[in-house]
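The values are calculated or read from the model by the stated rules, or taken from the named source; none is laboratory data. Please read these numbers as outputs of a predicted model, since none were measured by experiment. Cβ: placed from backbone, ideal geometry, glycine included. Neighbour counts: every protein chain shown.
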Amino acid sequence: MKGGKKNSAAGAQNNMGAQRSSFSFSSYIFFFAAVAATATLSILSYELILSLAESTLAAAIGTAVILIVLSVVLTLISAVYRRAEAERPVKEILRATDRMARGDFKISLKPRHMWGKYDEYDVIFENINRMAAELSKNEMLRSDFIANVSHEIKTPLSVISSYAQMLRIKDLPPEERAACADTIVSASNRLTALVVDILKLNKLENQKIFPQKCALNAGEVMRECVLSFDEKIENKGISLDCDIDDVEAVSDAGFLEIIFNNLISNAVKFTEGGGSMFISLKEEGAYFVATVRDSGCGMSAETGAHIFDKFYQGDTSHSQEGNGLGLALVKRVIDILGGEISVNSREGEGTTFTVKIKK
Ligand SMILES: Nc1ncnc2c1ncn2[C@@H]1O[C@H](COP(=O)(O)OP(=O)(O)OP(=O)(O)O)[C@@H](O)[C@H]1O
Ligand SMILES: [Mg+2]
């Protein structure tokens, strides 16, 4: 499986936004032809009246009648023209925006001209369609997010509740009592970690956290992260090989820690005892490249396609640990730092994450 995320350029949809409206000749030609025909007919009628009129009064009445008819016809032409060109699309826009204001995003306005001959209204129609699609996607993500958060909170809460009930049993042996207390502590730690991750992700997504860039040694930051997993790695019997260079960079140490800690934590979590891990950090021109490789369970192409989604956990045997927010956080942080992350994995053989960030 090979997947990855590059700092993507704007998608195809944005092309529509950049699309310009073109000047529509046909409607102006129609309007011009109608006005010219009316004016010509009126002048001819006027000439006719002048030649036929027997008195000045009759000629004046005839002229007045022609002027009135001419005004009525021109007003009608202008009304028809305005209705077709402006009122109808404006009404459609009003109806669409009113539906959106009421939370209905199933909107698809049909442009009135062919692509390439769009006028301003067609461009507005397309923009409204894109806006509705985006809002509807956000609405779906929001409700999915709420469902996921509720589910993730419910599990540790029910563990806490049932083990707390057990602690009420008076003659519970001390070792069972201690085990219950340990389970409650670990479930509440999980709950705390979940809330901390959600808040962090929320702040990152709402751009409430900005990178606090300063001069640092990226290699040093990575070494400290590796050290914090030393005990876990040793307890699991995983062999660790590191090749971490000192790389001077101007970056945010906290952001780098989020990236390194999550990648290392995953490598440890998804590698069985007896497995191996390799961690490196190298300078590459204007970038530094961090690699975290493990000989763990690897992942299928299906899993690989979703690992950066919030709450996604591909390997169900490990889903008791964590909430599936780690890589979502990593991706967001890398987006903000303007870097790239890629993953190369084979089921049953292991996984390599590579991160490239500007120094
Ligand atoms: N090194 C890896 N080896 C195998 N699968 C991995 C690896 N890293 C990530 N994955 C897959 O990607 C999924 C998402 O990873 P992520 O870090 O977001 O969540 P998590 O580790 O399950 O939970 P959390 O990070 O919140 O503790 C994992 O559940 C797993 O299926
Ligand atoms: Mg993780």
Would you please name the residue that is nearest to ligand 1 (Cβ to nearest atom), looking only at residues in region 271-293 that are farther than 11 Å from V355 by Cα and of a type in the set (D, E, K, R)? R293
Please indicate, with yes or no, whether at least one residue in region 261-269 is more than 9 Å from ligand 1 (Cβ to nearest atom) and closer than 23 Å to L194 by Cβ. yes
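Looking only at region 257-278, count how many residues are more than 16 Å from ligand 2 (Cβ to nearest atom) and closer than 19 Å to L337 by Cβ.
Step one: of region 257-278, the residues more than 16 Å from ligand 2 (Cβ to nearest atom) are 272-276, 278.
Those left that are additionally closer than 19 Å to L337 by Cβ: none.
Total satisfying the criteria: 0.
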Does region 294-314 contain any residue that is buried (at least 17 other Cβ atoms within 10 Å of the Cβ), modelled with pLDDT of 95 or more, more than 8 Å from ligand 1 (Cβ to nearest atom) and among the charged types (D, E, K, R)? no
Answer from N129, N148 - the residue that is without any contact (Cβ under 8 Å) to a residue 40 or more places away in the chain, under 21 Å from the mean Cα position of the chain (by Cα) and surrounded by 13 or more Cβ atoms within 10 Å (Cβ to Cβ): N129
